[in-house]
């Protein structure tokens, strides 16, 4: 049974891609899961009955399989040979057609009343991931490695990354402070001197230019003159379960607002009334669903946690992070 | 490949250091034929724990997008932040590896995403 697009009213009204979320993503996963060939996941989040509203890598992979299964209708008309993972107009139309299809059926063989995909190249970018589309247009902007994460006014800061323009890059320090007209000779690094009026404290930083806004953020702490960075001298206990209270001793902790950057998650707003001691608890890592409380791993595992203290005084020693072994 | 060139140019110093470190480490630790390191780098956008493999599957963005397997204990350079989502990473990997999950009575089964390779060592941003 094949329906044409005139019979199938579209339930997808926007282009969906990695990072998107919403009820239409959940519906997309349900549609993909209706066919064993394009199933999002066999179990866990995204699997049949466990669809989510988050367009993550599993969804993207399933969309690619869907596009390649129906390549003749989705990809070929716009000159592509492999799936992109972006749910554009052509993909949406074929998804609509599949609404009334039985699972795991053969690809659509009839021509819908309305063409599935436009043949004009101008429509192609809607199916293309940003990284492909930008090869001929705007480039994605990323900040990869800052030369330092802290320093006083007058310090030089070099950002390595990509998508920087030769001129007119703007570096944002939070919402209220910017450094404008920064040049980048090679498009992959730029250097600024922290101005004398830059506000003290920790700032989220990002780049904006003619290509748009950077896809990720970093941070920088503008320290006061003659401050000393936080140091970690001991961590007790050395290991424990989720919920364990960890005590860190050291120097130059801030009375409040310390952040602990671990290799699993970030813990914010930790106080240290005496400036020498702070405590925090280990909680399940929010970004790793397989390591939550109650998940049956069939065996215990030990995960080494490495962390740094970040506050108004800077960042603790790069080569001497605190460590703690979590037993899960 | 062309998209990789700017990446290489941007990080040629870091890559050179890592390659040199790999060679030195390889002299002591690895057999010569185990030096299969290929450069990779990008933003960690998702982390999945492979429950059977006891390793993390890192989904990484451009410039070398893909999934890479990271075993706890794999050598890291500062800031030692793998496998946290949101950090930038740069290092070497060897092709191969598998992400397996416990699936009840079925035992260990391959996860829906499989790695491009296994990380040999890496550095990260904060």
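All of the numbers you see were taken from the coordinates with simple rules; none came from a lab. Quick caveat: nothing in here was measured; it's all calculated off a predicted structure. Note that each Cβ is placed from the backbone with ideal geometry, even for glycine, and that neighbours are counted across all protein chains shown.
Say R0 is 30 Å: what FRET efficiency, to the nearest 0.05, do residue A:302 and residue B:78 get from their beta-carbon distance? Before the final figure, lay out each step's value.
Working: r = 22 Å, r/R0 = 0.72.
FRET efficiency, residue A:302 to residue B:78: 0.85.
Less than 13 Å from a label point 7 Å out along the Cα-to-Cβ axis of residue A:170: which backbone N atoms in segment A:186-228 qualify, by residue?
Counting backbone N atoms under 13 Å from the label point, the list is A:206-214.
What is the mean number of Cβ atoms from other protein chains located within 10 Å of the Cβ atom of each residue in peptide A:143-154, rounded to a whole number?
Mean inter-chain Cβ contacts per residue within 10 Å come to 3.
Just to be sure I understand the model, the point goes 7 Å from the Cα along the line to the Cβ. What's the resulting residue A:319 to residue A:271 distance in nm?
3.6 nm
Tell me, how many Å apart are the Cα centres for segment B:62-126 and for segment A:56-77?
When both Cα centres are located, 25 Å separates them.
To the nearest whole number, what is the average tally of beta carbon atoms from other chains within 10 Å of the beta carbons of peptide B:75-86?
Averaged over the peptide's residues, the number is 6.
Would you mind calculating the gained length between residue A:72 and residue A:186 on full extension (0.36 nm times residue separation, minus the Cα-Cα distance), in nm to one decimal?
37.0 nm
Of A:84, B:62, how do they rank once you tally other Cβ atoms within 10 Å and put the fewest first?
Neighbour counts put them in this order, fewest first: B:62, A:84.
Just rank A:283, A:91, fewest to most, by other beta-carbon atoms within 10 angstrom. Walk me through the numbers before you get to the answer.
Details: A:283 13, A:91 28.
If I rank by nearby Cβ atoms, fewest first, I get A:283, A:91.
Please compute the modelled spin-label separation between residue A:156 and residue A:14, points set 7 Å along Cα→Cβ, answer in nm with one decimal.
Calculated label separation equals 4.3 nm.
Grab the beta carbon distance between residue A:37 and residue A:196, set R0 = 51 Å, and tell me the FRET efficiency rounded to 0.05.
Result of the calculation: an efficiency of 0.25.
Calculate the mean, over all residues of peptide A:222-234, of how many other protein chain Cβ atoms lie within 10 angstrom of the residue's Cβ. Don't jump to the answer; show the numbers that get you there.
Working: counts 0, 0, 0, 0, 0, 0, 0, 0, 0, 0, 0, 0, 0.
Counting Cβ atoms of other protein chains within 10 Å of each residue's Cβ and averaging gives 0.
Let's test the formula: R0 of 30 Å, r as the Cβ-Cβ distance of residue A:279 and residue A:21. What FRET efficiency results, to the nearest 0.05?
E between residue A:279 and residue A:21, to the nearest 0.05, is 0.30.
Among rounded, prolate and oblate, which fits segment A:140-287 when a ≥ b ≥ c are the square roots of the eigenvalues of its C-alpha gyration tensor, a/c under 1.5 means rounded, and a/b larger than b/c means prolate?
Taking the square roots of the gyration eigenvalues as a ≥ b ≥ c, segment A:140-287 is prolate.
Using the count of nearby Cβ atoms within 10 Å as a rough guide to exposure, how do A:236, A:262 rank from fewest to most?
A:236, A:262
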